[in-house]
1. Collect the residues in region 156-205 that are under 21 Å from Gly144 (Cβ atoms), open to solvent by less than 20 Å² (accessible area, probe 1.4 Å) and assigned to a strand (DSSP E or B), keeping them in residue-number order.
2. Would you mention how many residues in region 69-102 are closer than 21 Å to Cys136 by Cβ, of a type in the set (Val, Ile, Thr) and in a helix (DSSP H, G or I)?
3. Would you say Thr120 is at pLDDT 95 or above and more than 14 Å from the chain's Cα centre (by Cα)?
4. For region 139-149, indicate whether the set of residues that are under 28 Å from Phe121 (Cα atoms), open to solvent by less than 20 Å² (accessible area, probe 1.4 Å) and at pLDDT 95 or above is non-empty.
5. Scan region 119-129 and tell me whether some residue there is more than 22 Å from Thr37 (Cβ to Cβ) and not basic (Lys, Arg).
6. So in region 108-152, with the set limited to residues that are in contact with a Cys (Cβ under 6 Å, 6 or more places away or on another chain) and outside any strand (DSSP E or B), which one is nearest to Ala171 (Cα to Cα)?
7. In this structure, does Val20 turn out to be farther than 29 Å from Trp156 by Cβ, part of a helix (DSSP H, G or I) and β-branched (Val, Ile, Thr)?
8. Take the residues of region 1-23 that are of a type in the set (A, V, I, L, M, F, W, C) and modelled with pLDDT of 55 or more: which is farthest from the chain's Cα centre (by Cα)?
Amino acid sequence: MPPARRQETESPSFEDFARVLASGLEGVRALTCEQITALFRHYTLFQRWNKVLNLSSISDFEAVVSRHYCESIFLATQLPAAPSSIVDIGSGAGFPGVPIAVLHPSSRVCLVESRQRKATFLKEATRRLPNVEVRCQRAEDPVGRFDWLVSRAVAWKDLEPIAADATSSVALLSTASDAREIMLCRRFLWWEPTPLPWGRQIVLLIGEVSRGT
């Protein structure tokens with residue numbers, strides 16, 4: 001007999017999460033049990049807080065895993081093996097910063113979020129991630145220097161004024177059309193956008209500060 005269908009009101013189990021995550025990341029990256037556990041811990045809290053805080057408009061379980069966790073992990077796999085410092089501007093519910101921190105435990109990851117309640121969630125969600133710092137401040141405020149700046153929720157017009165001063169490299173998750181607009185910025189030398197494997201017109205755009213700036 002086929003397994004009984006999980007009730008809609010029942011929270012996904014660790015096994016559910018691990019299965020959907022592994023399916024989405026097939027050919028991208030195999031995760032350790034420790035990494036999956038850390039991500040599931042974040043997901044459990046995300047699910048609970050999202051009911052009252054609206055951390056994300058996506059409610060379908062498999063879509064949450066694919067669009068939030070898998071896309072963030074894809075970005076993490078494209079960074080150097082051990083960048084020493086990363087800042088995630090407009091982190092929101094912790095994407096892509098939390099999965100990046102899980103995959104790069106030796107890197108210092110700073111999550112920047114302007115909304116106090118979301119920043120409070122991030123602090124609670126990262127208590128067991130010693131390499132994560134949370135700052136509640138606006139995207140356009142100075143953040144200091146980092147090896148990489150990452151983001152997927154903030155418009156480039158808000159990131160551009162601080163990007164070159166904050167870092168030498170950026171990695172952005174955006175639509176293909178937005179990526180083309182971003183590439184008009186000559187302060188960075190842009191790589192060709194990399195389509196994500198899930199066919200939603202989302203790309204990873206990486207750029208390095210132009211030596212002429």
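The values are calculated or read from the model by the stated rules, or taken from the named source; none is laboratory data. Keep in mind it's a predicted model, so treat the numbers as computed, not measured. Because the Cβ atoms are built from the backbone with ideal geometry, glycine has one as well, and the counts that use them run over all protein chains shown. When the accessible area is computed, the model is the full protein with side chains, heavy atoms only, and any ligands, DNA or RNA have been set aside. Shrake-Rupley method; radii C 1.70, N 1.55, O 1.52, S 1.80 Å.
1. If the condition is that a residue be under 21 Å from Gly144 (Cβ atoms), open to solvent by less than 20 Å² (accessible area, probe 1.4 Å) and assigned to a strand (DSSP E or B), then Thr167, Ser169, Val170, Ala171, Leu172, Phe188 are the ones that fit.
2. Selection size over region 69-102: 2.
3. Against the criterion (at pLDDT 95 or above and more than 14 Å from the chain's Cα centre (by Cα)), Thr120 qualifies.
4. Among the residues of region 139-149, at least one is under 28 Å from Phe121 (Cα atoms), open to solvent by less than 20 Å² (accessible area, probe 1.4 Å) and at pLDDT 95 or above, which makes the answer yes.
5. The answer is yes, given that some residue of region 119-129 is more than 22 Å from Thr37 (Cβ to Cβ) and not basic (Lys, Arg).
6. Of everything passing the filter in region 108-152, Ala119 is nearest to Ala171 (Cα to Cα).
7. Yes: the conditions hold for Val20.
8. Residue satisfying both the conditions and the ranking: Phe14.
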